[in-house]
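Data block below; observations after.
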């Protein structure tokens, strides 16, 4: 019985910790980068500068980002961190990797922007390249060709006013990507259901509304 009570206590504590962490991130206007665990036995080399990858790959990735995002958005990008995957070493340490049906990654690079005057404190996305600098997984920041306002942002007070008029709380918000827009995500909780609204950071348009039941895993 004692073990059961302790187990229940741990679960409840983790639930409250999860909610607390989400609220901090939401209030701060944060979108963290996703990550890929290539193996439980191999850990790629970490880098903190693009200068640590070959110049030809630097040129390739920079040209791609300029073409996709446009110069104005590209100029906002800040390199965060990256990984260099040594495929031979990966296979040596974890031979089952040879059975993966994938394009073999070499460079996993994360970039972020910050626009604190617009409620965007940290918005991160990754791009994954092969050994020649070809894109395997593209960056999620909005394409200039599909959203020519991608480098423009609406003041967060304007966003808050719209959200309040639609009946949503502005106490907590997070960031995401939707339909080639960076979006602010607001929510209301009603018993076991949570209602979400996503609003474009670039033109304040409502892009999506939806509801989820149960506890969200943040």
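Please treat every number below as a calculation from the coordinates, not as lab data. What you see is a predicted model, and the numbers here were worked out from it, not measured in a lab.
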Item to check | Between the stretch 58-79 and the stretch 102-168, the Cα center-to-center distance that results, in Å | outcome: 12
Checklist entry - Contour minus end-to-end for residue 87 and residue 213, with contour as 0.36 nm per residue of separation and end-to-end as the Cα-Cα distance? => result 41.2 nm
Next on the checklist: Return the Rg/Rh ratio of the stretch 109-218 with Cα-based radii and a Kirkwood Rh.
Outcome noted: 1.02
